[in-house]
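Q: Sharing a structure, written as structure tokens. Questions coming.
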């Protein structure tokens with residue numbers, strides 16, 4: 001980040017009560033662009049960034065929130081239009097300094113594969129997982145642009161004094177927004193969180209994004225009257241319960257969720273009431289505390305909780321040594337998704353997953369047992385997503401097979417008599433391993449690269465750059481998973 005961009009961001013922090021740890025610094029990363037580094041040793045549990053939710057930009061909190069709502073523009077599309085509008089206001093926008101800090105990022109935004117202009121580099125992704133997940137198809141983006149973005153500006157462009165972006169500008173901003181957006185809570189939903197986007201991605205992150213997701217979806221408060229209104233209208237559930245909602249992109253329970261708000265069931269509450277009633281009701285409160293004091297304490301706790309609910313922060317989960325870059329994560333994503341969504345891939349990504357569904361169908365067809373595979377898929381419509389090979393527990397030396405691979409291969413290897421009786425008393429371990437090797441070797445043929453190994457791809461990396469380098473990383477890391485899997489079967 002340039003000095004000018006850094007100054008703009010720090011000014012935004014000062015003006016909006018954001019806080020960044022005094023012992024971290026923003027400077028150039030060896031990965032390219034900027035990163036956040038520790039100036040001194042930091043401990044796990046340390047907060048390195050605090051950003052009030054009021055400083056976050058979302059479709060619900062921008063100056064044209066009502067228009068976006070009328071046009072059902074939310075998520076990435078809504079946030080993109082909110083960004084365009086607020087940026088057009090110049091220094092009249094509350095986010096002006098934040099936008100100034102993003103200028104270098106927008107000027108140097110990485111391309112995602114579906115928009116690569118170099119056909120030769122794009123062709124290198126043929127046969128890869130990027131192609132498998134639809135990462136080369138532009139149809140959805142064109143549909144969003146033509147059916148959501150263009151109509152919005154046709155209806156409101158003159159009103160808000162803003163021209164519709166070109167499709168090329170739209171494509172660039174989609175990457176900028178998607179790579180920097182966080183789910184903040186169920187009112188604001190997807191937001192740009194100033195400062196949070198500075199941390200680069202790693203499959204072994206050092207910190208995580210914390211937010212109280214469980215606010216009222218109507219007004220954004222923790223405590224409000226909308227839950228009462230919901231009950232009066234006989235709607236199920238309370239919209240303001242903090243303990244029942246979790247972060248949209250986090251499988252772990254939200255660290256700030258308050259299960260005591262309404263997380264206890266009726267039986268637990270009854271037991272608690274019985275314990276209270278069985279005590280001495282006439283016993284005076286200790287230390288001369290009055291009921292009024294207790295009520296004031298409860299109100300103070302509520303105030304503190306409400307204050308916490310208005311803050312997003314980044315908390316370290318690892319100890320960090322001085323000089324080390326601090327990494328966040330976009331999630332446990334394989335390279336195919338990282339490149340398709342955010343425009344980059346990393347060597348030795350421990351989250352790599354290789355689909356073997358096409359190879360499984362070809363195997364079943366060749367064996368004349370496609371009917372068995374169809375039957376299995378009819379029973380489990382998600383079968384195709386469960387036939388894969390991947391690294392196990394984030395260890396690039398261990399392999400994990402999809403949960404249905406062994407069962408599927410057993411079914412395909414059964415004799416007609418065994419299949420008819422639905423019983424297989426034979427041990428099929430050797431046959432299953434042999435079938436797995438066939439699937440893996442068939443998967444290697446998709447690359448059509450003359451049998452290049454992952455190490456050979458790795459040696460090419462220093463000689464290439466840009467989109468070609470990203471494509472080489474994709475091919476090399478995918479082949480490494482398959483090579484590792486083949487070794488485990490020997």
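The values are calculated or read from the model by the stated rules, or taken from the named source; none is laboratory data. Keep in mind that what you see is a predicted model, and the values were worked out from it rather than measured. Every residue, glycine as well, gets a Cβ built from its backbone with ideal geometry; the counts of neighbours run over all protein chains shown.
Q: Considering every residue within the range 148-158, establish whether at least one is within 25 Å of the chain's Cα centre (by Cα), not in a loop (DSSP other than H, G, I, E, B) and not assigned by TED's automatic domain parsing to the domain that holds residue 359.
A: yes
Q: Still on this model: Can you tell me which residues in the range 11-34 are touching a strand residue (DSSP E or B) at 6+ places or on another chain (Cβ under 8 Å) and part of a helix (DSSP H, G or I)?
A: Passing the criteria: only 13.
Q: Of the numbered conditions (1) surrounded by 13 or more Cβ atoms within 10 Å (Cβ to Cβ); (2) without any contact (Cβ under 8 Å) to a residue 12 or more places away in the chain; (3) part of a loop (DSSP other than H, G, I, E, B), residue 117 satisfies every one except a single condition; which is it?
A: Among (1) surrounded by 13 or more Cβ atoms within 10 Å (Cβ to Cβ); (2) without any contact (Cβ under 8 Å) to a residue 12 or more places away in the chain; (3) part of a loop (DSSP other than H, G, I, E, B), the lone unmet condition for residue 117 is (1).
Q: Which residues, counting only those in the range 81-135, are over 24 Å from the mean Cα position of the chain (by Cα) and at positive phi?
A: 90, 127
Q: Of all the residues that make up the range 430-450, how many are more than 16 Å from residue 487 (Cα to Cα) and more than 31 Å from the chain's Cα centre (by Cα)?
A: 5
Q: Same structure again: Do any residues in the range 372-393 that are touching a residue at least 60 places away in the same chain (Cβ under 8 Å) have Cβ atoms under 6 Å from those of residues that are surrounded by fewer than 17 Cβ atoms within 10 Å (Cβ to Cβ), where the two are at least six apart or on different chains, and which pairs are they?
A: Every condition considered, the pairs that remain are 390/400.
Q: What is the residue count in the range 412-444 for residues that are farther than 18 Å from residue 387 by Cα and part of a helix (DSSP H, G or I)?
A: 7
Q: Sort through 213, 170 and tell me the only one that's more than 22 Å from residue 107 (Cα to Cα) and surrounded by 19 or more Cβ atoms within 10 Å (Cβ to Cβ).
A: 213
Q: Can you tell me which of (1) crowded, with 19+ Cβ neighbours inside 10 Å; (2) touching a strand residue (DSSP E or B) at 6+ places or on another chain (Cβ under 9 Å) is the one residue 97 doesn't meet?
A: Condition (2) is where residue 97 drops out.
Q: Now for a separate question. Could you pull out every one of the strands (runs of 3 or more DSSP E) wholly within the range 170-234 that has 1 or more residues that are out of contact with any helix residue (DSSP H, G or I) (no Cβ under 9 Å at 6 or more places or on another chain) and modelled with pLDDT of 80 or more?
A: Passing ranges, in order: 181-183, 207-210.
Q: Give just the number: which of (1) surrounded by 18 or more Cβ atoms within 10 Å (Cβ to Cβ); (2) not in a loop (DSSP other than H, G, I, E, B) does residue 54 not satisfy?
A: (1)
Q: Looking at residue 94, is it under 25 Å from residue 337 (Cβ atoms) and touching a residue at least 24 places away in the same chain (Cβ under 8 Å)?
A: Taking the combined requirement at face value, the residue does not satisfy it.
Q: Please go through (1) surrounded by fewer than 22 Cβ atoms within 10 Å (Cβ to Cβ); (2) touching a residue at least 60 places away in the same chain (Cβ under 8 Å); (3) closer than 22 Å to residue 13 by Cα for residue 38 and return the number of the only condition it doesn't satisfy.
A: (1)
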